[in-house]
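The values are calculated or read from the model by the stated rules, or taken from the named source; none is laboratory data. The shown structure was predicted, so the numbers you read here are calculated from the model rather than taken from an experiment. Cβ coordinates were reconstructed from backbone atoms using ideal geometry, including for glycine residues, and neighbour counts include every protein chain displayed.
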Amino acid sequence: MKAQAAGYALGLAALVVLPFLLPDYFLHIAIQVLIWSGIYTAWAFMGRFGLVSIGHGAFMGVGAYTSALLWNYYGLTPWLGIPLGALGAALLALAIGFACFHMRIVGHYFALVTLALGQVVALVIIAARDVTGGSLGMTPRAVGHSWYALQFPERRYFYFLALVLWLIVLAIRYWASHGMRRAAAEAIGEDETAAAAVGINVMREKLRLTVVSAAVTAVGGSIYTQYLNYLNPETVAGVGVSLQIVFAAIAGGMYSALGPSVGALLTLALTEGLRILFGVHFIGAANTIYGLLLILFIIFMPRGIMGLFERRRTARAQPQAAAAD
Amino acid sequence: MLDVSDLTAEYGSFRALFGVSLAVETGEAVGVIGPNGAGKTTLMRVISGMLPARAGALRFEGRSLAGMKAHGIVAAGIAHVPENRRLFPRLTVEENLRMGAFLPEARAHFNERRRWVFDLFPRLEERRDQLAGTLSGGEQQMCAIARALMSKPKLLLLDEPSAGLAPLVVQQVFDLVRRIRGEGFTVLIVEQNVQQVLDLVDRAYLLEVGRIALEGSAGELKRSDLVRRSYMGL
Amino acid sequence: MDIFLLEAVLDGIMLGGLLALLALGLNLIFGVIDVVWICYAELVMVGMYAIYWLHVYYGWPFLLAGLAAILLVAVLGVLLHRVIIEPILGSPPINQLLATGGLLFFLQSFATLLFGTDFRNVGIRLPIIELGQIDLSFSRLLAFIAALLGAAGLYFFLAKTYLGTAIRAISQDREVMGLMGVDERRIYLTTSAIGGGLAGLSSCLLVLQYDVHPFLGLTFGPIVFMICVLGGLGNMIGGVIAAFVMSQIISIGGYYTSVELSDVLAFVLFIVMIVLRPKGILGR
């Protein structure tokens with residue numbers, strides 16, 4: 001235990017020092033890794049218990065567009081805009097979640113509903129082009145360095161913002177993963193009827209997971225927009241984004257705490273690596289590889305990269321148990 | 001006809017059969033009795049190919065069945081009426097029979113086989129266009145047996161035919177099995193209802209916790225203290 | 001009635017024929033044998049690209065290119081099942097959705113790599129039939145007829161033939177099929193070939209009316225799933241009816257509002273439909 005805690009402290013220290021050491025380009029990558037890690041981890045809140053969503057772009061989109069629109073049209077600070085976006089996403093999740101869970105829609109049918117939801121949000125954004133700029137996207141009004149507007153030309157500020165957010169997401173996961181809550185969620189994931197029979201309020205637990213996942217994803221979407229200072233329906237709400245989230249979380253390992261973050265490292269490394277290697281000649285190369293890898297992961301490594309480490313740990317534990325006999 | 005030697009089978013890490021050996025001669029009716037969880041169904045599944053054996057030999061008419069897939073074993077002449085009937089619920093009775101006669105040889109003789117099966121089970125003919133899932137328990141059992149008979153098997157495996165049926169219906173089912181037996185079929189039947197099955201079969205085995213605990217003629221088993229005490233409540 | 005509205009209605013009927021044809025293959029795979037090919041529309045896209053390539057680049061006569069496409073996508077269907085679905089057939093269907101989702105990604109991006117994102121047109125102009133003041137597209141009429149014939153054919157195939165009955169049976173109890181002397185793998189592969197072939201047939205007719213581009217699947221995919229669910233999974237006739245209902249919504253909705261909003265309406269309907277399906281039909 002002590003070794004583990006020391007390891008974490010060291011890792012954290014390294015992360016804090018990082019922005020002062022990294023050249024600008026890598027800092028840019030690191031920020032994106034942190035933001036996406038938060039989003040992927042939020043997705044995994046649901047995914048690890050069997051609630052696989054392939055429409056999380058909907059929540060990202062709601063979060064991103066809410067805060068951006070409120071800023072551009074009403075000058076409302078993102079400090080309020082982002083929570084409002086999260087609230088919007090939470091309400092959407094509540095509605096969809098309640099409808100589905102009440103009617104016992106689970107598994108791939110639930111996934112199809114989320115897919116449709118993602119499409120609806122993306123299409124509404126495009127349809128309201130007079131307000132949102134449609135497929136061309138929109139740019140939040142830039143005001144230079146401002147805490148009020150949550151805009152910082154200096155990357156370091158965003159880095160720490162992203163880092164804090166990432167740590168908060170991990171903290172939420174920790175809180176949700178211990179004690180009765182986690183046991184309840186696992187029970188629901190395995191056998192809903194049995195879980196209900198033991199008195200677990202299945203609906204409440206599932207809704208809780210869904211709403212929290214949606215809200216955090218929305219925040220991630222907003223922060224991403226703030227950082228890039230640009231958003232369009234494809235990059236924040238499209239099917240592509242939704243599938244990317246699924247892929248990264250699964251590839252990294254959605255059952256472990258740091259798995260999705262590993263997934264973020266993987267996907268960003270892949271995108272950037274391909275861009276450097278092939279330039280613009282091979283647009284779409286990244287997705288080709290994602291697609292292939294997703295297939296391979298589902299068939300051979302459904303627990304993702306972190307899953308490989310899981311097995312080793314249990315293998316090490318067994319000889320000790322035998323010795324105790 | 002059927003030779004099982006030293007059969008071992010498992011589900012994942014759970015071992016269900018430990019070196020089971022039994023034999024069925026042509027024309028015989030053989031029973032396997034034992035408590036729940038003894039491995040009776042597992043035994044059936046290994047013979048019919050639904051479950052692979054871990055070790056041991058399985059020979060049918062001199063040929064080894066090792067490694068054969070279920071559909072190959074059916075082609076070799078073994079038909080299995082599974083536990084819980086396992087009819088296709090949204091197919092009609094007639095369509096279920098069609099499935100039983102999928103093998104080319106059976107398909108070629110479909111009409112005559114169907115006629116024969118309907119003569120054996122007139123109630124089924126009345127219900128031929130009814131969805132199998134809507135039949136009563138006893139009718140479903142009859143349909144399941146009829147379905148297996150469509151391939152004119154050399155060996156018929158019956159897995160717990162009395163399960164979930166009212167006593168009167170159980171009697172009907174066993175009378176049916178007697179008739180089938182009378183037509184010359186070789187039958188291996190796994191049963192919880194010890195009384196009924198020992199009245200039907202020539203020989204029987206007692207399977208307990210994956211091992212053969214007792215074997216002999218039906219009469220011998222009926223008289224055995226072990227069987228009388230544990231399974232017949234005497 | 002306003003002549004343009006009438007045209008929208010008729011257009012909707014014609015579109016319905018096309019959608020019904022598209023839905024046939026998916027209904028067989030998703031509706032009958034209960035396998036999730038989320039990349040079904042991408043298979044159609046592959047067929048369309050194949051026809052485009054063979055006809056425009058190599059000068060093959062259209063009918064020959066079409067036949068080749070049907071064969072190609074049928075083979076693709078078989079490979080899809082053998083390589084991707086078979087290893088995960090026993091695990092929860094969500095895995096099938098994710099794995100074929102990966103294939104969706106792959107096919108889209110691969111097409112982008114090969115052909116770029118621009119729209120490609122096969123360049124065949126079929127005649128327009130004029131009924132009074134209304135123009136009817138001949139290619140849509142063809143699709144309409146093909147859909148009706150296909151649905152009827154598939155219905156009879158499933159209901160009356162041995163293979164069709166076996167295909168229906170396998171979704172009800174996969175494990176027991178072996179006890180019938182049926183090689184379940186052969187049934188799945190055959191069905192996958194038929195499903196793929198139907199997708200290929202759809203691409204023949206789609207390519208006459210639409211330009212092909214890598215993201216075509218995003219337009220048609222969700223709608224086709226929706227139609228299968230609406231019409232009752234595995235119900236061929238229901239699928240045809242649902243296709244016409246859906247196409248009317250899209251067509252008339254598009255007439256009154258914008259294109260995107262009519263799509264939104266369609267998707268909202270989808271969500272409502274899935275949520276309201278009686279529990280009994282769920283999760284066979």
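The sole residue among B:16, B:23 that is in a strand (DSSP E or B) and touching a Ser or Thr at 6+ places or on another chain (Cβ under 6 Å) is B:16. Quick check: anything in region A:241-260 in contact with an Asp or Glu (Cβ under 9 Å, 6 or more places away or on another chain), in a helix (DSSP H, G or I), more than 11 Å from chain C (Cβ to nearest Cβ) and at pLDDT 85 or above? Yes: one or more hits. Within region C:159-180, if we keep just the residues that are among the basic types (Lys, Arg) and in a helix (DSSP H, G or I), the residue that is farthest from residue C:235 (Cα to Cα) turns out to be C:160.
The residue that is surrounded by the fewest Cβ atoms within 10 Å (Cβ to Cβ), counting only those in region A:91-116 that are closer than 13 Å to residue A:209 by Cα and over 21 Å from the mean Cα position of the chain (by Cα), is A:98. Any residue at all in region B:96-104 that's within 14 Å of chain C (Cβ to nearest Cβ), under 25 Å from residue B:62 (Cβ atoms) and free of Cβ contacts under 8 Å to residues at least 12 places away in the same chain? Yes, region B:96-104 contains at least one residue that is within 14 Å of chain C (Cβ to nearest Cβ), under 25 Å from residue B:62 (Cβ atoms) and free of Cβ contacts under 8 Å to residues at least 12 places away in the same chain. Among the residues of region B:55-71, those identified as over 19 Å from the mean Cα position of the chain (by Cα) and either buried (at least 17 other Cβ atoms within 10 Å of the Cβ) or touching a residue at least 12 places away in the same chain (Cβ under 8 Å) (or both) are B:55, B:56, B:57, B:63, B:66, B:67.
This table checks each residue for (1) touching a strand residue (DSSP E or B) at 6+ places or on another chain (Cβ under 9 Å); (2) crowded, with 18+ Cβ neighbours inside 10 Å; (3) not β-branched (Val, Ile, Thr).
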{"position": "C:130", "(1), (2), (3)": "yes, no, yes"}
{"position": "C:137", "(1), (2), (3)": "yes, yes, yes"}
{"position": "C:142", "(1), (2), (3)": "no, yes, yes"}
{"position": "C:147", "(1), (2), (3)": "no, yes, yes"}
{"position": "C:153", "(1), (2), (3)": "no, no, yes"}
{"position": "C:162", "(1), (2), (3)": "no, no, yes"}
{"position": "C:171", "(1), (2), (3)": "no, yes, yes"}
{"position": "C:177", "(1), (2), (3)": "no, yes, yes"}
{"position": "C:184", "(1), (2), (3)": "no, yes, yes"}
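Of the residues C:136, C:98, C:113, C:149, the single one that is free of Cβ contacts under 8 Å to residues at least 24 places away in the same chain, farther than 30 Å from residue A:295 by Cβ and not β-branched (Val, Ile, Thr) is C:149. Under the condition of being acidic (Asp, Glu) and in contact with a strand residue (DSSP E or B) (Cβ under 9 Å, 6 or more places away or on another chain), the residues counted in region C:1-34 number 2. A count restricted to region A:99-119 and to residues that are more than 7 Å from chain C (Cβ to nearest Cβ) and modelled with pLDDT of 90 or more stands at 2. Pairs are defined by a Cβ separation below 7 Å, a sequence spacing of at least 6 or placement on different chains, a first member in region B:72-94 that is more than 9 Å from chain C (Cβ to nearest Cβ) and in contact (Cβ under 8 Å) with a residue 40 or more places away in the chain, and a second member that is among the β-branched types (Val, Ile, Thr) and part of a helix (DSSP H, G or I); the pairs so defined are B:78/B:47; B:83/B:41. Strands (runs of 3 or more DSSP E) fully within region B:102-219 that include at least 3 residues being more than 21 Å from residue C:180 (Cα to Cα): B:203-208, B:211-217. Assess whether residue A:45 counts as being in contact with a Ser or Thr (Cβ under 6 Å, 6 or more places away or on another chain) and not β-branched (Val, Ile, Thr). For residue A:45, the condition - in contact with a Ser or Thr (Cβ under 6 Å, 6 or more places away or on another chain) and not β-branched (Val, Ile, Thr) - is met.
Here the condition is being farther than 13 Å from residue A:163 by Cβ, within 14 Å of another protein chain (Cβ to nearest Cβ) and surrounded by fewer than 24 Cβ atoms within 10 Å (Cβ to Cβ); of A:7, A:61, A:50, A:55, it holds for A:50 alone. Which of the residues spanning region C:169-201 are closer than 19 Å to residue C:23 by Cα and at pLDDT below 90? Within region C:169-201, just C:171 meets the criteria.
The one condition from (1) in contact with a strand residue (DSSP E or B) (Cβ under 8 Å, 6 or more places away or on another chain); (2) buried (at least 22 other Cβ atoms within 10 Å of the Cβ) that residue B:150 does not meet is (1). State which residue is nearest to the other protein chains (Cβ to nearest Cβ) when the search covers only region C:89-107 and only residues that are at pLDDT 90 or above and touching a Pro at 6+ places or on another chain (Cβ under 9 Å). Looking at residues that are at pLDDT 90 or above and touching a Pro at 6+ places or on another chain (Cβ under 9 Å), I get C:99.
Scanning region C:181-197 for residues that are in a helix (DSSP H, G or I) and within 11 Å of another protein chain (Cβ to nearest Cβ) yields a count of 4.
Restricting B:90, B:45, B:54, B:98 to those that are over 20 Å from residue C:177 (Cα atoms) and out of contact with any Phe, Trp or Tyr (no Cβ under 6 Å at 6 or more places or on another chain) reduces the list to B:54. Name, by its number, the condition in (1) within 14 Å of another protein chain (Cβ to nearest Cβ); (2) more than 29 Å from residue C:59 (Cβ to Cβ) that does not hold for residue C:115. Looking at each condition in turn, residue C:115 falls short on (2).
Pairing each residue of region A:147-173 that is more than 24 Å from residue A:70 (Cα to Cα) with any residue that is outside any helix (DSSP H, G or I), provided the two are 6+ apart or on different chains, yields C-beta distances under 7 Å for A:170/A:257; A:173/A:257.
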